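Colleague: What follows is a structure written as structure tokens; I'll ask about it next.
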Amino acid sequence: MQILVVEDHQDTREVLTGLLKRWGHDVYPADSLKSGMDRLDNEPPVDVILSDIALPDGTGYALVRSAPARETRASHRLVRLHLSERRPHRQAHGLRPPFNQAVR
């Protein structure tokens, strides 16, 4: 499976990438919205997008919503939510528990 991992925290990105590779997946790491979009444009089509919500230059929502316009096979576009005190951010996107929701 081809997986795009977008996470701005280096340690988290490296752990996720390492685990997914160990489990036999092809992983394309990115550290920002822009680099995630660049990966979608320049790498082989991905099956899954695993993204942090709060990125330094935008949101995981923007990345996932842009995927259909790019070449992707991501029928299950996943967004990993970072549970922090950003309640207004979660409420703005209509998220309620459980917070691990798929975004289509």
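Colleague: How many of the residues in the range 1-20 are aliphatic (A, V, I, L, M), under 12 Å from the mean Cα position of the chain (by Cα) and either surrounded by fewer than 18 Cβ atoms within 10 Å (Cβ to Cβ) or not in a helix (DSSP H, G or I) (or both)?
Modeller: 4
Colleague: Okay, moving on. Within the range 24-45, track down each residue that is more than 14 Å from the chain's Cα centre (by Cα), farther than 18 Å from residue 68 by Cα and in a loop (DSSP other than H, G, I, E, B).
Modeller: Result: 24, 25.
Colleague: Can I ask one more? I need the full set of residues from the range 16-36 which are more than 11 Å from residue 1 (Cα to Cα) and charged (D, E, K, R), in order please.
Modeller: 22, 31, 34
Colleague: Need pairs with beta-carbon distance below 7 Å; first residue within 22 Å of residue 70 (Cα to Cα) and within the range 1-17, second among the hydrophobic types (A, V, I, L, M, F, W, C) and part of a loop (DSSP other than H, G, I, E, B); sequence gap 6+ or separate chains.
Modeller: So the pair list comes out as 2/46; 3/46; 4/46.
Colleague: Just one of 39, 77, 70, 104 is buried (at least 20 other Cβ atoms within 10 Å of the Cβ), closer than 24 Å to residue 1 by Cα and modelled with pLDDT under 85; which is it?
Modeller: Of the residues listed, the single one that is buried (at least 20 other Cβ atoms within 10 Å of the Cβ), closer than 24 Å to residue 1 by Cα and modelled with pLDDT under 85 is 77.
The values are calculated or read from the model by the stated rules, or taken from the named source; none is laboratory data. Keep in mind it's a predicted model, so treat the numbers as computed, not measured. Heads up, the Cβs are rebuilt from the backbone with ideal geometry, glycines too, and the neighbour counts pull from every protein chain shown.
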